[in-house]
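Student: Below are the structure tokens for one structure; questions will follow.
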Amino acid sequence: MNRYLVWLLRYAWLLLLLLATPAMAQEGGRLVTDDEVNAIAKELYCPVCESTPLDVCETQACADWRELIHAKLAAGETRQEILAYFGENYGDRVLATPPARGLSLLLWVWPFVAFIGGALIFGRYMVNMRRAAAASENEKAMRETAVSYPIPPTKDPYIARIEQELKGE
Amino acid sequence: MMAEISAKKKLHIPSIAIWVVVLAVLGLAAFGLVRVNTARPEPGQRAPDFTMQFYEGYTWNGQSSASLADMRGNIVVLNFWASWCAPCRVEADLLEQSWRKYADQGVVFVGIAYSDVEPKALAYLREFNITYPNAPDLRTRIAEMYDITGVPETFFIDRNGVIYEFHFGPIDAARLTTVIERMLAEG
Amino acid sequence: MIADLGYFSLLFALLAAVYAVGAAWYGHKSHNERWLESARNATLITLPLTALSSALLITLLLTNDFSIQYVWRVSSIEQPTYLKVTALWGGQAGSLLFWNFLLAAFTAAAMAHKWDEQKPLMPYAIIVASFTQIFFLSLSAFVENPFARIAGGIIPANGNGLNPLLRHPGMIIHPPMLYLGFTGFTIPYTFAMAALISGRLDDTWIRTTRRWTLVAWLFLSLGLILGGRWAYDVLGWGGYWGWDPVENASLIPWLSGTAFLHSVMIQEKRQMFKWWNMFLIVITYLLVIYGTFIVRSGVISSVHSFAQSAVGPLFFGFIAVMALFSIYWITKRREDLKSEHTLASFLSREAAFLYNNFLFLAILAIVFLFTNYPIISELFTGERGFVGPPVYERALAPLFLLLLGLMGIAPLTMWYRTSLQRLGQAMVWPAVVATVTIVVLFFLEVRLWAALLGVWTITFSMVLTLVEFGKGTQARMRRGENFFTAFSNLMARSRRRYGGYWIHLGVLVMAYGVIGVELYQQETQRQLQAGEIVALGAYEVQFLNVMQRPGPDDLIITEAVLDVYKNGRLVATLTPRREIYTRTGQPMTIPDARSTFFEDFYVLLAEQPTSPTAVTLRLFLNPLINWVWAGGFIFVLGTLIAAWPDPVEDKITAVRARQRPAVALTGD
């Protein structure tokens, strides 16, 4: 913030110059930088150029939108208000982050459902497998005290040797 | 008893889940495909209804908002435009002149600003002295209903709310007059 | 004449594929070996036929034959020769033909290579593979005919030229890589289906197709990485990945393919999860074609030009058939694929692979739903929806973090069980190193908790992975080899294992880069007059002037000349450009950057300059972006190590194949 102020002062004369251009002349208000406009434009996708964020979109329609953001910032509107305005006027699909209501709640809930649901399925499955292993191990444990790792039977000594090598010693 | 159990076992839940997911995805894809291939409403089809909140200073029948259905009984010339669209400027004057000419014969011109910003749109309307009702396309819904591919596009809707003609791109005087006269003649 | 020949060649390929299905079927029913061989030969012949067809289309492109609609659309007289050649995949019809060629190449190679080893599976493999070919060849022959003549009979004097966005070197190699990846997955899928249908459910299909899978996966990965690089270099938004449906379409099968490559090791080692592996490979293939479908039909990214073509509905039909057919067999053979699944411990290699699968599939589920959200929203609310990058990032970041941590720990685990004590001991030092790293970073002003957490995890896994290399090398050095011999022998002797670790290293390096760019990217945009200065971070840029000059073809280049100072010292002169191809009028924003090990200073012209002394600049400071590319390079190297033919391993496969005659249907 501090650094920002410093350069704001440093280039204040330039901003004054910019203010003289018609785009800046909106409603008087406060000074607005391109960076502030871009920060909001990043969150918007205009219907004219699909899946290109507003801050890089080249069309005139997008330039108009950026100008409107500029004017709204100059008029003192907040980021939230501006995004809400665009959502209401052009539909939620112009927002990078749709508002969490109605169907788009799905976008918030689904990651948890996917994670917890998946964890339950995999977890249950693994617990079952663990039980099966425990059952078969019990018998062995009666006979052997040391834990033994079953080794896959290989008849061919050649393979056994190569496989030993493949295991990386 | 045993038979019952084995019958139950046949209903393997993971398999069912897989089928459900696969069929759901296929269904979704089919829906998307139908949606994508839905062309714009063609002449002869009923014009999709919508409501609009006119720009400030614009009214129809003294109302600041109206729906297409309210206009039933009139011939409606529905024009999609935008202030950022150069070809729209070509036809703007013509549309306004025609509106003035035909207004008392039961012809309503309606302008819908597509993906436009209010200050620019209002400036455009002022620039061309446009007096017929104009409204923003709120939430881009009307454009989606009419499946427009760009602006300008013009739909001619008859007195019964059925699409009569469609024009792609800027319209010229000859075409506009011909279509309107023909619609008037046919009643 | 040439066009007719190309078209006929395409038709003959289609006929051959149809014949292959019939002959394989008949040969199988009548147990007639000769019919089967004939079917195989028909499959092989599709390769030269599609190759000829592609070569002829290239000839038409090179000879500027604008009576051909496709040539008119994607080429022009002035277009440089290499772009005329690559225009083969610059449009829908041509890329489908190219796709057919690649599909034929993979199919033919698999059939020729594995014929003797896999005879019992072959009839089914031929039928499945040829059916796929029939679909794509029909699309080319009847719907998107690249040899179609221009309507009206008037031959245009010049063509439109290739889409400027596709003229970048990254975009020239990117589609073939993706296509190779996509078509490559046909082979494992084909053999998996052959195993399912024939009931020969032992893991010969996995041994047969393992390398094919790895190769397909390599190309898919390459496609993703090059796509990112292309976006960074050409799209002009300072980023490399935008969670675009088109990008997701190739990421989604990559995720399930990666899950498969891991879980398949459990089957090889312990004969478990046979059904699961079948399921994963089938799903991967279905997702490959689903991804192609959503890109090409315009269902999600409504590219209007493709939307109205018949490709969409036909593709849908194909997907429906393939999905129902595959899932039918998958669920039908469920009982036969049952194997004794046991898990000795939750701290075992098997368990680690399962955690991996769980995470990959959770990520897949999320990306899949988000990608399809536009249609879901339209279905339920009537209004098209959109999901932007912030939503993806918030949902996926924790899962990726878990995955990065698992990547370090999993290689420590042993099959069957690992003692907690042993695991804990191995993790002490890496944890110390990681902690020291973030403490140092903290004092270097890195204060975002997300960045610190990310760096801790990545460093932890990085050290663990490096220790794995160290342990292996040391073990060899104890036997008297010097360091370099020991290290290279280690790679050579167990390629898959150490190739895998290289891949992990690559991912970890990329992850550092992603954290740098995502969390510490700085940017600013300013209008400047000649001589004025703008600062960003330690950099200052002085704008000198704007120059305009013609480029090759119909290109007009407008570039700004900028002096870049870092800490007051001149470090570079950058020339970001605006390019306009006058014929199509499409503008391109080509950034220029000063790349260093730690950061890119990346400059764009935010608007087309209208005066030689004024310009609007957009500056980005992208920390660690080059780590993303370096990590990508290591990643690809690792995949090559893992996929490289290994004579020792091949010998084992061959001996095993002889020892263990295929067991039919009973499973084990």
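Laboratory data are not the source of any read-out in this text; all were calculated from the coordinates shown. Just so it is clear, the model here is predicted, and its values are computed rather than measured. Please note: Cβ atoms are built from the backbone with ideal geometry, for glycine as well, and neighbour counts cover all protein chains shown.
Student: Quick one: 3J(HN,Hα) in Hz for region C:67-84, Karplus 6.51/-1.76/1.60 with θ = phi - 60°, rounded, Gly and Pro as x.
Tutor: Running phi through 6.51 cos²θ - 1.76 cosθ + 1.60 with θ = phi - 60° gives 6, 8, 4, 4, 4, 4, 6, 10, 9, 8, 4, 6, 4, x, 4, 5, 6, 5 Hz.
Student: Roughly how many debye, to the nearest 20, is the charge dipole of region B:51-186 about its Cα centre, given +1 on each Lys and Arg Cβ, -1 on each Asp and Glu Cβ, and no other charges?
Tutor: Result for region B:51-186 is approximately 120 debye, rounded to the nearest 20.
Student: Still on this model: Shielding of A:34-45 by partners, i.e. mean partner chain Cβ atoms within 10 Å per residue?
Tutor: What the average comes to for A:34-45 is 3.
Student: From the phi angles alone, apply the Karplus equation (6.51, -1.76, 1.60; θ = phi - 60°) to region C:229-238 and give each ³J(HN,Hα) in whole Hz, x where the residue is Gly or Pro.
Tutor: With coefficients 6.51, -1.76 and 1.60, one gets 4, 4, 4, 5, 7, 10, 6, x, 10, x Hz.
Student: Now for a different question. Which three extents, in whole angstrom, do the alpha-carbon atoms of region C:108-201 cover along their principal axes, largest first?
Tutor: 58, 33, 19 Å, listed from the longest principal axis down.
Student: Relative to the Cα centre, what is the charge dipole magnitude of region C:1-162, using +1 at the beta carbon of each Lys and Arg, -1 at the beta carbon of each Asp and Glu, and rounding to the nearest 20 debye?
Tutor: Result for region C:1-162 is approximately 160 debye, rounded to the nearest 20.
Student: Principal axis lengths of chain B from Cα atoms, whole Å, largest first?
Tutor: The Cα atoms of chain B stretch 86, 39, 30 Å along the principal axes, largest first.
Student: Just checking the output field for A:99-105: average partner chain Cβ neighbours within 10 Å of each residue's Cβ?
Tutor: Mean number of neighbouring Cβ atoms from other chains: 3.
Student: Counting pairs on different chains as well as pairs 8 or more places apart, how many Lys pairs in chain C have Cα atoms under 18 Å apart?
Tutor: Taking chain C as the scope, the lysine pair count is 6.
Student: Right, something else. Once phi is turned into ³J(HN,Hα) by the Karplus curve 6.51 cos²θ - 1.76 cosθ + 1.60 with θ = phi - 60°, what whole-Hz value does each residue of region C:631-639 show in order, with x for glycine and proline?
Tutor: With coefficients 6.51, -1.76 and 1.60, one gets x, x, 5, 4, 4, 5, 4, x, 5 Hz.
Student: Sorted by mean Cβ packing within 10 Å, highest first, what order do the peptides B:104-112, C:389-397, B:178-186, C:498-506 take?
Tutor: C:498-506, B:104-112, C:389-397, B:178-186
Student: In region B:51-186, what % of DSSP beta bridges are antiparallel (nearest 5)?
Tutor: If we restrict to bridges inside region B:51-186, about 60 percent are antiparallel.
Student: Okay, next question. What three numbers, in Å, describe the spread of the alpha carbons of region C:9-63 along their principal axes, ordered from the longest?
Tutor: Cα spread of region C:9-63 along its principal axes, largest to smallest: 50, 13, 7 Å.
Student: Using every Cα-Cα pair within region C:22-148, state what percent have a distance larger than 24 Å.
Tutor: Distances greater than 24 Å cover 38 percent of the Cα pairs.
Student: In nanometres, what is the gap between the two model label sites at B:Arg72 and B:Arg40, each 7 Å from Cα along Cα-to-Cβ?
Tutor: Distance between the two pseudo-spin positions: 2.5 nm.
Student: Take the alpha-carbon positions of the protein assembly as shown, form their convex hull, and give its projected area averaged over all directions (one quarter of the hull surface) in nm².
Tutor: That works out to 49.4 nm², a quarter of the Cα hull's surface.
Student: Using 0.36 nm times the number of residues separating B:Asn160 and B:Val21, minus their current alpha carbon distance, what extension gain do you get?
Tutor: Taking 0.36 nm per residue and subtracting the Cα distance, the gain is 45.6 nm.
Student: Trypsin sites (Lys or Arg not before Pro) within region C:455-512: which are DSSP loop residues with at most 10 other Cβ atoms inside 10 Å?
Tutor: Qualifying residues, ordered by number: C:Arg479.
Student: Under Stokes-Einstein, with the Kirkwood radius over Cα pairs standing in for Rh, what whole-number D in µm²/s applies to chain C at 37 °C and 0.692 mPa s?
Tutor: The estimated diffusion coefficient comes to 120 µm²/s.
Student: Please name which of C:Leu354, C:Val436, C:Gly470 has its Cα lying farthest along the dipole of region C:349-473 towards the positive end, using unit charges on Cβ (Lys, Arg +1; Asp, Glu -1) and the Cα centre as origin.
Tutor: Checked the options; the winner is C:Gly470.
Student: Also, quick follow-up: To the nearest 20 Debye, how big is the dipole of the protein assembly as shown about its Cα centre, given +1 on the beta carbon of each Lys and Arg and -1 on that of each Asp and Glu?
Tutor: In debye, rounded to 20, the protein assembly as shown gives about 4360.
Student: Averaging sequence separations of C-alpha pairs under 8 Å and six or more residues apart, then dividing by the length of region B:124-171, give the relative contact order as a whole percent.
Tutor: Reported as a whole number, the value is 25 percent.
Student: Can you give the average number of partner chain beta-carbon atoms within 10 Å of each beta-carbon in peptide B:113-120, as a whole number?
Tutor: For peptide B:113-120, the averaged partner shielding equals 6.
Student: Taking the highest mean first, how do the peptides C:377-383, C:20-26 order by number of other beta carbon atoms within 10 angstrom per residue?
Tutor: The densest-packed peptide leads the list: C:20-26, C:377-383.
Student: Between beta-carbons, use under 15 Å as the cut-off and find the net charge around C:Leu251, counting Lys and Arg +1, Asp and Glu -1.
Tutor: -3
Student: For the protein assembly as shown, with the dipole built from +1 on Lys and Arg beta-carbon atoms and -1 on Asp and Glu ones, taken about the Cα centre, which of C:Leu605, C:Phe633, C:Trp275 lies farthest toward the positive end?
Tutor: Towards the positive end, the residue furthest out is C:Trp275.
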